[in-house]
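Everything on this sheet refers to the single structure shown next.
The values are calculated or read from the model by the stated rules, or taken from the named source; none is laboratory data. This structure is a prediction, so every number in the text was calculated from the model and none was measured. A quick note on method: Cβ atoms are made from the backbone with ideal geometry, for glycine too, and the neighbour counts reach across all protein chains shown. All accessible areas refer to the heavy atoms of the entire protein, side chains included, with ligands and DNA or RNA removed. Shrake-Rupley method; radii C 1.70, N 1.55, O 1.52, S 1.80 Å.
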Amino acid sequence: MMARRLIPNLGQWSSRIFGVECDKKSAVYFALRVDRQADPRGKELKQLFGDGKAFSFHIHCEDRIQRSKIYELLQDKVSSIPSTDCTIMDMSSFLPNAKQSASKGFLLTYSSDSPLTEKVIEDLQQVEAVSVCSYFQERDGMWWQKHLSQKGGGSEICPRYCITLTEKPEVCPTVLNIINNDVFYSFEEAYKVLVECRDIIPESQAVLNLVDQRLDLTERGKFPVIVIEGLDATGKTTLTESLTQTVNGVLLKSPPESLAPLRKRFDCEPPLIRRAFYALGNYITAGQIARESSKAPVIVDRYWHSTAAYAIATAVRGGLGKLPAGGSEVYRWPEDLLRPSLVLLLTLDPAERQSRLRGRGLAHTREEAELEANNLFRQKVEEAYRRIEDPACVIVDASPSPDKVLQQVLLLIKNKCHL
Ligand SMILES: Nc1ncnc2c1ncn2[C@@H]1O[C@H](COP(=O)(O)OP(=O)(O)O)[C@@H](O)[C@H]1O
Ligand SMILES: Nc1ccn([C@H]2C[C@H](O)[C@@H](COP(=O)(O)OP(=O)(O)O)O2)c(=O)n1
């Protein structure tokens, strides 16, 4: 069995790893973003763990549906502590280079007395599937980790382990976390998630029934298939409607109408379940695209680019720099999903988009509301859109008038699809 690692959410992979070999079967590792030769006794670990107390929490649970639910509980618990009382960082536990092994967690540090923080740490030690570890520095400068167990109600201290510098894994853990947790690269992987959560979410069966009836086609017909992507209020609805009329085409969207009544239900689930729902929506739409594109041009309002870009931007905390680098396997198109002829990304100046949002005055999804509050998130979604490959999207300036945008898009379609 390979070693289990616990590290902060890193994004682009340029860090050093510190770790502890607990025993032959398991180990916990930490990574730090440092440029020079790292010294386990040096400042780097001090930076990570701080001057006060440091604890990590991660989930050890085989069932990934349970794991995603427990992660939400863990997240709620740690975020209930005021930010003035402690510092919280993302950490992931994973088996080096093993794709399904990643599990998200947190590192919590605090220096002055905080009864609230201590209460949360104590409570989390009682949660069976949560592993709690604490970290401390000895007089010789070395850092140690100890596991706190829940046995007997109190905190029994397991043997302690020294933290040392270790090799970096081949695959960036953020990427490991995203694959098949946030973004699915085959029908089967997304389907399995909904099968696994039938017991806790009965509506999953309705989705599976609809998906079972889908047309399993990956080849498009002889007419072009144009996907229109972009953030909310960039003008997708306006453009897709006028474009469909102009080219005498068929308008489709993802998720398809058949999933609309179920969408709200899945929007409040953890990413694993929610993203699997949207992934399956793309496969239903793909069947419709295949059928319709044998008869007329097809215009699609959102498709796989949206599913992947929002999922990646949510999964990666922090700034743009934390996104997996361009060319990473997280941006690859699923082999078994019908490819469109052209994907156009409508882009808009943030101020203009705000003004269109206000003008429209419609309710937004939770995520769209987050986009308003979080400029960084908006940038990450757009950047993820731009990094998706094969097909990559063509950027369209959506700021001119609706008619000018339409003319610009018609020209692009004429050049790229010979329509
Ligand atoms: N090119 C444009 N110029 C100015 N306003 C636009 C343009 N395209 C759309 N709008 C307006 O912006 C708002 C959002 O457009 P909409 O097509 O609903 O975007 P989306 O489908 O991407 O959310 C609507 O009120 C729409 O009338
Ligand atoms: N094909 C799709 C379409 C939407 N999504 C997700 C991504 C975001 O969380 C929301 C955005 O959808 P929303 O309905 O707000 O977008 P529009 O109103 O169509 O602009 O849905 C997806 O994952 N895959």
Enumeration of residues in segment 370-383 that are among the hydrophobic types (A, V, I, L, M, F, W, C), modelled with pLDDT of 60 or more and within 16 Å of ligand 1 (Cβ to nearest atom): Val381
What residue, among those in segment 225-274 that are in a helix (DSSP H, G or I) and among the hydroxyl-bearing types (Ser, Thr, Tyr), is farthest from Lys192 (Cα to Cα)? Thr246
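Yes/no per residue for (1) away from ligand 2 (no atom under 12 Å from the Cβ); (2) not hydrophobic (A, V, I, L, M, F, W, C):
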residue	(1), (2)
Thr237	no, yes
Glu241	yes, yes
Lys253	no, yes
Glu257	yes, yes
Pro261	yes, yes
Phe266	no, no
Leu272	yes, no
Tyr278	no, yes
Mind telling me which of the residues Leu280, Leu251 ends up being away from ligand 1 (no atom under 16 Å from the Cβ), at pLDDT 95 or above and farther than 21 Å from Phe377 by Cα? Leu280
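Suppose we filter Leu243, Leu272 for residues that are buried (at least 19 other Cβ atoms within 10 Å of the Cβ), within 16 Å of ligand 1 (Cβ to nearest atom) and farther than 13 Å from Gln288 by Cβ; which single one remains? Reasoning before the result, please.
Working: Leu272 fails: within 16 Å of ligand 1 (Cβ to nearest atom).
That would be Leu243, the only listed residue that is buried (at least 19 other Cβ atoms within 10 Å of the Cβ), within 16 Å of ligand 1 (Cβ to nearest atom) and farther than 13 Å from Gln288 by Cβ.
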Only one of Ser186, Ser204 is open to solvent by less than 40 Å² (accessible area, probe 1.4 Å), under 30 Å from Ser328 (Cα atoms) and among the polar types (S, T, N, Q); which? Ser186
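Which of the residues that make up segment 49-74 are among the aliphatic types (A, V, I, L, M) and open to solvent by 20 Å² or more (accessible area, probe 1.4 Å)?
Looking only at segment 49-74, we keep the residues that are among the aliphatic types (A, V, I, L, M), and these are 54, 59, 65, 70, 73-74.
Of everything in segment 49-74, those that are among the aliphatic types (A, V, I, L, M) and open to solvent by 20 Å² or more (accessible area, probe 1.4 Å) turn out to be Ile70, Leu73.
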If only one of Ala290, Ala309, Ala286, Ala296 is part of a loop (DSSP other than H, G, I, E, B) and modelled with pLDDT of 95 or more, which one is it? Ala296
If Tyr283 passes every condition in (1) open to solvent by 10 Å² or more (accessible area, probe 1.4 Å); (2) free of Cβ contacts under 8 Å to residues at least 40 places away in the same chain but one, which one does it miss? (2)
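Sort out which residues of segment 384-405 are part of a strand (DSSP E or B) and hydrophobic (A, V, I, L, M, F, W, C), and write them in order of number.
From segment 384-405, those part of a strand (DSSP E or B) are 394-397; that's our starting set.
Val394, Ile395, Val396 - these are the residues of segment 384-405 that are part of a strand (DSSP E or B) and hydrophobic (A, V, I, L, M, F, W, C).
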